[in-house]
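A short reminder: the numbers here are calculations on the coordinates, not readings from a lab. Note that this is a predicted model, so its numbers are computed, not measured. With ideal geometry, Cβ positions are generated from the backbone for all residues, glycine too; neighbour counts draw on all protein chains shown.
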Amino acid sequence: MRDLSISVYFARAVLKNAVAQGLDPISLLRKHRISPRLMLENNARISIERFADLQVSTMQAMNDETLGYGFRPMPVGCWSMMCHAVIGSETLGQALNRFCRFYQLFEMGLTPVLEEDDNQARIVLRAQDNIDERHSYLHELLLFSTHRFASWLVQEHLPIQVVQLKSAPSAPALDYRHMFLGNPMEFEQPRSQLVLASNALEKRVTQNESSLRHLLRHPSLILLTQEYAVNSWTSRVRNLVRRQLRDIPELNEVANTLEVHPQTLRRRLSAEGTTFKDIKNQVRRDTALHFLGKQGLSIEEISFRAGFSESSAFIRAFKGWTGVTPYTYRKGL
């Protein structure tokens, strides 16, 4: 399992309509060992695995795959049926056409449409009303799911020319870039859409019924963590840093391992919305969050595993990352 984390904003968004559906958000959080206190900390983060479990659990409790954001509930099982409708496609273009046609059958408040011209292919979300706060997360969820599912179909992270959202960002913009794998993001746009190069639609669908059965065991988690042979520069650097956390190499060493000039690596990371320093901090943070959820490990041991020589430095860094100390974080689990 990759040691990744996600902004608490996305957990808040998952639970936003829980009370209106007669559910207790505190119980849902504690069921997945997420401290309710973290929901109050704007800088807090939770592990990807717990977020994915929380999202699935909330959808099941609501019996609504749109988490209460749609005009009408979309019963649990619709995603699975969409996958079965799409999996026999030969090309990504055919798959995305079927994907859009499937969701056009439902009154979600949003209608996904595939538009094409000579240079671009666009998955456009046509709203059945003007966007408001209640529906903004549905735009994010649909575009994210579309991109990750399309990437899974062709077994590569599809490059996006731009992701545009009608709403203003509710979390730091960098968190959105991470969710969309470093691709460019624009907010407060006339419409929400994913923009791809038109030749992306010609890619062959390489998944089949057998691999679909594996995906459907836990689609939320698999789509959040799936890696492919064609990785971003951020992923390559992250993997190198993760393997050497106790003696993190310098940028020049990493560039040498990746067989690029250090300045070239800096430019490529910058184009993906990050820096070498950011990646080091993120890997340390995500590793710490991962091990804080394990029983039997002391703060000193977790500090060491996260690449710190002194636990005092780790505690200061952790509080800067999450707004709470590792002791407080663990107490709330």
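Working ranking of peptides 22-31, 283-292 by packing, defined as the average number of other Cβ atoms within 10 Å per residue, highest first, is 283-292, 22-31. Each peptide in 207-216, 104-113 was scored by the mean count of other Cβ atoms within 10 Å over its residues; highest first, the order is 104-113, 207-216.
As a length-normalised measure over Cα pairs under 8 Å and 6 or more apart, the relative contact order of the chain settles at 18 percent.
Taking the longest Cα principal axis of the chain as reference, the axis of helix 311-322 is set at about 20 degrees.
Can you tell me the alpha carbon radius of gyration of segment 104-190 divided by the globular rule-of-thumb value 2.2 N^0.38 Å?
For segment 104-190, the normalised Cα radius of gyration comes out at 1.08.
With the simple model of a label 7 Å out from the Cα in the direction of the Cβ, residue 71 to residue 225 spans 3.8 nm.
In this simple spin-label model, placing a label point 7 Å from the Cα along the Cα-to-Cβ direction at both residue 325 and residue 37 gives a separation of 1.0 nm.
Computed from point charges on the beta carbon alone (+1 for Lys and Arg, -1 for Asp and Glu), the dipole magnitude for segment 5-74 about its Cα centre is near 180 Debye.
If the segment from residue 173 to residue 90 were pulled out straight at 0.36 nm per residue, it would be longer than the present Cα-Cα gap by 26.4 nm.
Between the helical axis of 233-243 and the longest alpha-carbon principal axis of the chain there is an angle of about 40 degrees. Overall, segment 233-331 carries a charge dipole of about 300 debye about its Cα centre when +1 sits on the Cβ of Lys and Arg and -1 on the Cβ of Asp and Glu, all other atoms neutral.
Among 95, 52, 271, the residue with the largest mean-square fluctuation in a Gaussian network model of the chain, with springs joining Cα atoms closer than 10 Å, is 271.
Cα-based values for segment 5-74, radius of gyration first and Dmax second, are 11.4, 32 Å. Rounded to the nearest 10 degrees, the angle from helix 133-154 to the longest Cα principal axis of the chain is 90 degrees.
When we measure straight from the Cα of residue 280, which lysines land under 24 angstrom away, once same-chain ones fewer than 8 places off are left out? Filter leaves 294, 319. When the Cα positions of 318, 147, 207 are compared along the charge dipole of the chain, 318 comes out farthest toward the positive end, with charges on each C-beta of Lys, Arg, Asp and Glu.
Within straight-line reach of residue 16, meaning a Cα separation under 15 Å, sit the following aspartates and glutamates at least 8 residues removed in sequence or on another chain: 24, 64, 65, 132, 133, 140.
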